[in-house]
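Novice: Take a look at the following structure, please.
The values are calculated or read from the model by the stated rules, or taken from the named source; none is laboratory data. In this text the structure is predicted, and so the values were computed from the model without any measurement. As a convention, Cβ positions derive from the backbone with ideal geometry for all residues, glycine included, and neighbour counts pool all protein chains shown. SASA here: full protein model, heavy atoms, side chains in, ligands and nucleic acids out. Shrake-Rupley method; radii C 1.70, N 1.55, O 1.52, S 1.80 Å.
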Amino acid sequence: SQKIEQNSEALNIQEGKTATLTCNYTNYSPAYLQWYRQDPGRGPVFLLLIRENEKEKRKERLKVTFDTTLKQSLFHITASQPADSATYLCALASRGFGNEKLTFGTGTRLTIIP
Amino acid sequence: AAGVIQSPRHLIKEKRETATLKCYPIPRHDTVYWYQQGPGQDPQFLISFYEKMQSDKGSIPDRFSAQQFSDYHSELNMSSLELGDSALYFCASSQGGVGNQPQHFGDGTRLSIL
């Protein structure tokens, strides 16, 4: 069955360092991979999308890589700040001709320590 | 910018009662998705609609039904409520509904079953 795992349930990083979150998947061939941020009691907020034929995508302090051979995506936050503390979810979508639901990973709760 | 609006934000019901959750997508978004998120869980896809037609179905119980109206708002109807239905219910909208489009989430309806 399809499975999406994010490296750890919780990750603590010192402020100013780079936080790296991992998303691994099995039995899935996603055409697109998205990363979302979720704060407690709030809906997920879209951060970045990367396509299967893209290796890397950047947006300000965020960087995403996508390795379809390893079936893995890495999500980096550079110069991390306490305001980056949240749960981060990776989500996969297949290539489709209709409306693609997202299948979410288990999430990583990131805490940036001042 | 306008976001996805969900109502009510909180809902308390008793077992075997019914509930209706409403979702108003971002203007000009033609696709609506419903997700259920239990405590400490990732969002699980329930059902989606594109141009007022059901487009995909996930792990939605038979006791639940949903529709998208002519103004693109959507309602999730839940009957014979069970304790296990207590969760956050998110609605998301997108334009076009394919996997290369980000989904914009509302802040959810927290449903508590007593």
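Novice: Taking the conditions exactly as written (open to solvent by 40 Å² or more (accessible area, probe 1.4 Å), at pLDDT 95 or above and β-branched (Val, Ile, Thr)), does B:Ile5 satisfy them or not? Show your work before the answer.
Specialist: On the way: open to solvent by 40 Å² or more (accessible area, probe 1.4 Å): yes; at pLDDT 95 or above: yes; β-branched (Val, Ile, Thr): yes.
When the stated conditions are applied, B:Ile5 passes them.
Novice: Same structure again: Restricting to region B:49-103, and then to whatever is facing another protein chain (nearest Cβ under 9 Å) and hydroxyl-bearing (Ser, Thr, Tyr), can you tell me which residue is nearest to B:Arg28 (Cα to Cα)?
Specialist: B:Ser94
Novice: Restricting attention to region B:104-114, and to residues there that are within 14 Å of chain A (Cβ to nearest Cβ) and in a strand (DSSP E or B), which single residue is surrounded by the fewest Cβ atoms within 10 Å (Cβ to Cβ)?
Specialist: Initially, region B:104-114 is screened for residues within 14 Å of chain A (Cβ to nearest Cβ), giving B:104-112.
Filter once more, keeping what is in a strand (DSSP E or B): B:104-105, B:109-112.
Numbers: B:His104: 22, B:Phe105: 23, B:Thr109: 22, B:Arg110: 16, B:Leu111: 21, B:Ser112: 13.
Looking at residues that are within 14 Å of chain A (Cβ to nearest Cβ) and in a strand (DSSP E or B), I get B:Ser112.
Novice: Would you check if A:Gly16 is surrounded by fewer than 13 Cβ atoms within 10 Å (Cβ to Cβ), at positive phi and within 11 Å of chain B (Cβ to nearest Cβ)? It would help to see each step written out before you state the result.
Specialist: Working: surrounded by fewer than 13 Cβ atoms within 10 Å (Cβ to Cβ): yes; at positive phi: yes; within 11 Å of chain B (Cβ to nearest Cβ): no.
Considered against the rule, which asks whether it is surrounded by fewer than 13 Cβ atoms within 10 Å (Cβ to Cβ), at positive phi and within 11 Å of chain B (Cβ to nearest Cβ), A:Gly16 comes out as no.
Novice: Something else now. Here are A:Leu49, A:Leu89: which of them is under 11 Å from the mean Cα position of the chain (by Cα), without any contact (Cβ under 8 Å) to a residue 24 or more places away in the chain and assigned to a strand (DSSP E or B)? Walk me through how you get there before you give the answer.
Specialist: Working: A:Leu89 fails: without any contact (Cβ under 8 Å) to a residue 24 or more places away in the chain.
Of the residues listed, the single one that is under 11 Å from the mean Cα position of the chain (by Cα), without any contact (Cβ under 8 Å) to a residue 24 or more places away in the chain and assigned to a strand (DSSP E or B) is A:Leu49.
Novice: Are there any pairs, at least 6 apart or on different chains, whose C-beta atoms fall under 8 Å, with the first in region A:56-74 and under 17 Å from A:Tyr88 (Cα atoms) and the second in a loop (DSSP other than H, G, I, E, B) and among the basic types (Lys, Arg), and if so, which?
Specialist: A:Thr65/A:Lys55; A:Phe66/A:Lys55
Novice: Would you check which residues across region A:59-80 are open to solvent by 80 Å² or more (accessible area, probe 1.4 Å) and closer than 21 Å to B:Gln103 by Cβ and list them?
Specialist: Pass one, region A:59-80, residues open to solvent by 80 Å² or more (accessible area, probe 1.4 Å): A:59-60, A:69-70.
Within region A:59-80, A:Lys59, A:Glu60 meet the criteria.
Novice: Follow-up question, since we're still on this one. Criterion first (buried (at least 22 other Cβ atoms within 10 Å of the Cβ), in contact with a Leu (Cβ under 6 Å, 6 or more places away or on another chain) and of a type in the set (A, V, I, L, M)) does B:Leu76 satisfy it?
Specialist: yes
Novice: Next question. A:Asn24 is checked against (1) open to solvent by 60 Å² or more (accessible area, probe 1.4 Å); (2) at pLDDT 90 or above; (3) over 26 Å from B:His104 (Cβ atoms) and fails just one. What number does that condition carry?
Specialist: (1)
Novice: Related question: Determine which member of the set A:Ala91, A:Ala79, A:Ala86 is within 14 Å of A:Pro44 (Cβ to Cβ), at pLDDT 95 or above and among the aliphatic types (A, V, I, L, M).
Specialist: Details: A:Ala91 fails: at pLDDT 95 or above; A:Ala79 fails: within 14 Å of A:Pro44 (Cβ to Cβ).
Step by step, each of A:Ala91, A:Ala79, A:Ala86 is checked, and only A:Ala86 is within 14 Å of A:Pro44 (Cβ to Cβ), at pLDDT 95 or above and among the aliphatic types (A, V, I, L, M).
Novice: Checking A:Tyr32 against (1) surrounded by fewer than 16 Cβ atoms within 10 Å (Cβ to Cβ); (2) farther than 13 Å from A:Leu89 by Cβ; (3) under 13 Å from the mean Cα position of the chain (by Cα); (4) not small (Gly, Ala, Ser), only one condition comes out false. Which one?
Specialist: Of (1) surrounded by fewer than 16 Cβ atoms within 10 Å (Cβ to Cβ); (2) farther than 13 Å from A:Leu89 by Cβ; (3) under 13 Å from the mean Cα position of the chain (by Cα); (4) not small (Gly, Ala, Ser), only one is false for A:Tyr32: (1).
Novice: Any residue at all in region A:37-48 that is of a type in the set (A, V, I, L, M, F, W, C), surrounded by 15 or more Cβ atoms within 10 Å (Cβ to Cβ) and more than 24 Å from A:Pro114 (Cα to Cα)?
Specialist: yes
Novice: Which residue is most open to solvent (accessible area, probe 1.4 Å), if the candidates are limited to region B:13-56 and must be among the charged types (D, E, K, R) and part of a strand (DSSP E or B)?
Specialist: Initially, region B:13-56 is screened for residues among the charged types (D, E, K, R), giving B:13-17, B:22, B:28, B:30, B:42, B:51-52, B:56.
Subsequent filtering for residues that are part of a strand (DSSP E or B) retains B:13, B:22, B:56.
Values: B:Lys13: 51, B:Lys22: 74, B:Asp56: 41 Å².
Checked region B:13-56; the qualifying residue most open to solvent (accessible area, probe 1.4 Å) is B:Lys22.
Novice: Filter region A:1-13 for residues that are outside any loop (DSSP other than H, G, I, E, B) and more than 10 Å from chain B (Cβ to nearest Cβ); which is farthest from B:Arg9 (Cα to Cα)?
Specialist: The initial filter retains those residues of region A:1-13 that are outside any loop (DSSP other than H, G, I, E, B), namely A:3-6, A:10-13.
Retained after the next criterion (residues that are more than 10 Å from chain B (Cβ to nearest Cβ)): A:3, A:5, A:10-13.
Values: A:Lys3: 31, A:Glu5: 30, A:Ala10: 28, A:Leu11: 30, A:Asn12: 31, A:Ile13: 33 Å.
Of everything passing the filter in region A:1-13, A:Ile13 is farthest from B:Arg9 (Cα to Cα).
Novice: When the residues of region B:57-73 are narrowed to those that are open to solvent by 70 Å² or more (accessible area, probe 1.4 Å) and not in a loop (DSSP other than H, G, I, E, B), which ends up nearest to A:Lys3 (Cα to Cα)? Write out each step before concluding.
Specialist: The first filter runs over region B:57-73 and keeps only residues open to solvent by 70 Å² or more (accessible area, probe 1.4 Å), leaving B:57, B:59, B:62, B:67, B:70-71.
Next, only the ones that are not in a loop (DSSP other than H, G, I, E, B) stay: B:57, B:67.
Working: B:Lys57: 18, B:Gln67: 29 Å.
Out of the qualifying residues, it is B:Lys57.
Novice: Now for a separate question. Filtering region A:19-44 down to residues that are closer than 15 Å to A:Asp67 by Cβ and in a loop (DSSP other than H, G, I, E, B), which residue is nearest to the other protein chains (Cβ to nearest Cβ)?
Specialist: A:Ala31
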